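The values are calculated or read from the model by the stated rules, or taken from the named source; none is laboratory data. Here the structure is a predicted model, which means the values were calculated and not measured. Every residue, glycine as well, gets a Cβ built from its backbone with ideal geometry; the counts of neighbours run over all protein chains shown. Side chains are part of the model used for accessible areas, which takes the heavy atoms of the whole protein and leaves out ligands, DNA and RNA. Shrake-Rupley method; radii C 1.70, N 1.55, O 1.52, S 1.80 Å.
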Amino acid sequence: MRLCIAVYALAAGLLTSLAASAQAATYPFNGPAYSAVFNFTAPCGAGACAGYTLGMNVSGWFATATPLAPHLVSADISGQVSGYSLSNGLITIADSDPGARVGQFQVSTDASGRITDSAISVSRWQDNLSGPHVPGNRVDFVTADTFSSATSHNRLCAVVGAGDRCTSVNSDASSSVADYPVGLVWTQALSTTAVPTLSEAALLLLAGLMAAGVGRRALRPVRAVR
């Protein structure tokens, strides 16, 4: 009897621990309207030309498997990001896009884990293919910076670095760039709880413990009826 109680208690502990660790967080943001735009010169000479307007802005979100820690200072959280979707008014770049690449994901947080500063940049090759790519291919960028920054469209990649990521770009008459001032705001993180799942090792452990408990009960001698 005692063994059965211990088995069930351990199983409950595993499930409780799993549920506690399944919390995820989504961080939405919204930037100020563009302060200046520098659009391509018509007619479009190369790539997929498009022009910004002053009414546009950057916006979007990213998600992490667990909430960000408090008191981060310009921390690289790229390894924690489980998904993202960033828009600059012309295009939206998502982690599911084959041609999407992460340039940087750096944030600072306050005592409650809320984002106070960010330096985020993602890009997407205009062919939206997984690669490989070469210098001269066209690429788009979306940023989410709390300092004055810019986003750009239809740039000419000059250097392709590790991970098939464009690390240096040039502009030509077919490129467009939009500047935005300080004022990007991160709203309160939205926490969600994922459906709990046990790993293979945890399932095997749990099955073994349950079998041990059942087996012990089966081996208990049966008293003769008098």
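Figures for the structure shown
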{"quantity": "Count - residues of the range 158-175 that are assigned to a strand (DSSP E or B) and crowded, with 22+ Cβ neighbours inside 10 Å", "calculated": "1"}
{"quantity": "Which listed residue is open to solvent by 50 Å² or more (accessible area, probe 1.4 Å), at pLDDT 95 or above and under 27 Å from residue 170 (Cα atoms), from 134, 122", "calculated": "134"}
{"quantity": "Number of positions in the range 139-150 that are part of a strand (DSSP E or B) and either surrounded by fewer than 22 Cβ atoms within 10 Å (Cβ to Cβ) or not charged (D, E, K, R) (or both)", "calculated": "6"}
{"quantity": "In the range 75-85, residue surrounded by the fewest Cβ atoms within 10 Å (Cβ to Cβ) [restricted to those that are among the aliphatic types (A, V, I, L, M) and either within 10 Å of the chain's Cα centre (by Cα) or at pLDDT below 95 (or both)]", "calculated": "81"}
{"quantity": "Tabulated pairs, the range 45-64, first open to solvent by 40 Å² or more (accessible area, probe 1.4 Å), second acidic (Asp, Glu), C-beta under 8 angstrom, 6+ apart or interchain", "calculated": "45/172"}
{"quantity": "Members of the range 176-192 that are in contact with a strand residue (DSSP E or B) (Cβ under 7 Å, 6 or more places away or on another chain) and either of a type in the set (A, V, I, L, M) or part of a loop (DSSP other than H, G, I, E, B) (or both)", "calculated": "177, 178, 184, 185, 187, 189, 190"}
{"quantity": "Qualifying position, being farther than 22 Å from residue 90 by Cβ and in contact with a Phe, Trp or Tyr (Cβ under 6 Å, 6 or more places away or on another chain), among 144, 189", "calculated": "189"}
{"quantity": "Matching option when the condition is farther than 26 Å from residue 180 by Cα and in contact (Cβ under 8 Å) with a residue 40 or more places away in the chain, among 79, 113, 163, 103", "calculated": "163"}
